[in-house]
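Below is one structure, written out as structure tokens; the observations come after it.
The values are calculated or read from the model by the stated rules, or taken from the named source; none is laboratory data. The structure presented is a predicted model; accordingly, all values stated were derived computationally and were not measured. As a convention, Cβ positions derive from the backbone with ideal geometry for all residues, glycine included, and neighbour counts pool all protein chains shown. Accessible surface is based on the protein model in full, side chains and every heavy atom, while ligands, DNA and RNA are left aside. Shrake-Rupley method; radii C 1.70, N 1.55, O 1.52, S 1.80 Å.
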Amino acid sequence: MASHLIDFLLIGNNFGTPEMCAVWSEHNRLTKQVDVEVALALAEGELGVIPADAAQTIAAKADASALNVEEIAQDAVRMKHSLMPTITAIQKQCGDAGEYIHYGVTTQDIVDTATVLQLQQAFAIVERDTQLMAVELKRLAKKYQHTPMTGRTHGMQALPTTFGFKLAVWLDEFVRHLERLKEIKARVLVGNVNGAIGTYASLGELGPQIERLTLGKLGLGTPNIGWQSARDRFSEYASVVVLISGTLGKIGNELYNLMRTEINEVEEPFSAGKIGSTTMPHKRNPSALEGLASLTAPIFKSASLIHESMKVEHERDAMSWRAEWIALPEVNIYLSAQLQNALGILRGMSVNEKQMLANLELQNGLLLSEKVMFEIGKRMGKQTAHHLVYECSMKAFEQNRHFKEVLLEDPVLSAQVTAQELDAWLNPVNYLGCAPQKVDDVIRYADNSGLLPA
């Protein structure tokens, strides 16, 4: 039976996707390690470091799918080593040619490079779904570009905005995430094949050439110098994952709040038969939004473990290394669940435009106090207007009266403004600033970035 939530049949889909879990599965890890050993043998065969026929035999016979994982695991217990049992098993598959398996390299060369191959697959998934998020946010930002709603600061109503503007802020974040992914890709997807302490001592003068040829066969970049003791590549990737997850968690939390019964401006997708509570039949809970927001904290914590791995003893050690084995799969698996969950929410979310309009009037006109202040300030001075409008605002709030009524009964203000002017100033649609235009600006930038799919 599974012992980690990621692998639970009943709730595992809340914490990862099958696609990403397959990338970080034990089978795929083993497969990538064999791929590295084969690529190394072929490179060394081409360069005459090992017999060419032995290299071809290794390429033909080394087969991760045919390895007996249980037997390898038993050998690992006896040998107390993470890779040697695998090397021994591949050697058996390859017969005499197996003598040339793992020639001139060290365990970390194979394991690190195989991990980067897994990360290459994970990177493609993250990049694809981040693009899809940008596409959905772009669609929704345009759709609700002119949909007025209440903007809130410190949890309280502040000024009118549009729902499209809120979505455009998120879209712009995701375009930046795509820019970050593009920028780090070449730095992160780099292998490492340079021997025990990175000096190519066992490979001789051909060492750098062997490394370059091996990594080229695997579709990975070649480092300027060995990075066994420099773990910034994984740490940089984790940092970008944290930023993407942070945005997703924020979106989940924001929509969760907008779905509150008392606000009721959005609702996550609802399907027939969906249960909100085992005891309260009426509940339509924001379970998808809670799931989206809840995974940001685990990603932050796992990423910090990857950052800890940057502290390495001398030329390398296994203490920091093993932390990456734990945390790198976790951040990718959790992020995959967040991205897919968020896509489902955005594609099926209900937007209650009628309630958004109603909430704009919730404070009897007080939402437009700034507009009133600036208009009156043109006639009396901004600071004077602020003091007068403040007194009227507090009176309207405390007496639960309409703002317009209180303003008009003030002897100073009533001499400066008409009821018709106040009607125009207190109309939320007339005080959206440049919100609709900024939506177009963000969409234009996204389209011109070349980062969204055609």
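So, taking all protein chains as they sit and a 1.4 Å probe, how much accessible area belongs to LEU357, in Å² rounded to tens?
Near enough 90 Å² of accessible area.
Taking the Cα centre of the chain as origin, sum charge times position over the Cβ atoms of Lys and Arg (+1) and Asp and Glu (-1), and report the length of that vector in debye to the nearest 20.
With only Lys, Arg, Asp and Glu charged at Cβ, the dipole is about 1160 debye.
Counting pairs of alpha carbon atoms under 8 Å apart in space and at least six apart in sequence, what relative contact order in percent does the chain give?
18 percent.
Among LYS143/LYS438; LYS166/LYS301; LYS32/LYS311; LYS32/LYS185; LYS354/LYS378, which pairs are too far apart, with a Cα-Cα distance over 22 Å?
LYS166/LYS301; LYS32/LYS311; LYS354/LYS378
Any idea which of HIS387, MET356, ILE376 is furthest toward the positive side of the dipole for the range 327-393, if Lys and Arg beta-carbons carry +1 and Asp and Glu beta-carbons -1?
ILE376
What's the angle, to the nearest 10 degrees (0 to 90), between helix 107-143's Cα axis and the longest principal axis of the chain?
The two axes meet at around 20 degrees.
If the cut-off is a Cα-Cα distance under 23 Å, which lysines reach LYS382, setting aside same-chain residues fewer than 8 apart in sequence?
Straight-line reach from LYS382, under 23 Å: LYS371, LYS395, LYS404.
Measure nothing fancy, just the Cα-based angle from helix 296-308's long axis to the longest principal axis of the chain, in degrees from 0 to 90, nearest 10.
Once rounded, one gets 40 degrees.
Setting aside same-chain residues fewer than 8 positions from LYS92, which lysines have a Cα under 16 Å from its Cα?
Partners found: LYS61.
What angle, in degrees between 0 and 90 and rounded to the nearest 10, separates the Cα long axis of helix 382-399 from the longest principal axis of the Cα atoms of the chain?
It works out to around 90 degrees.
Counting each DSSP H run of 4 or more residues in the chain as -39500 (n - 2.57), what helix-only mean residue ellipticity at 222 nm follows after dividing by all residues, to the nearest 500 deg cm²/dmol?
-20500 deg cm²/dmol
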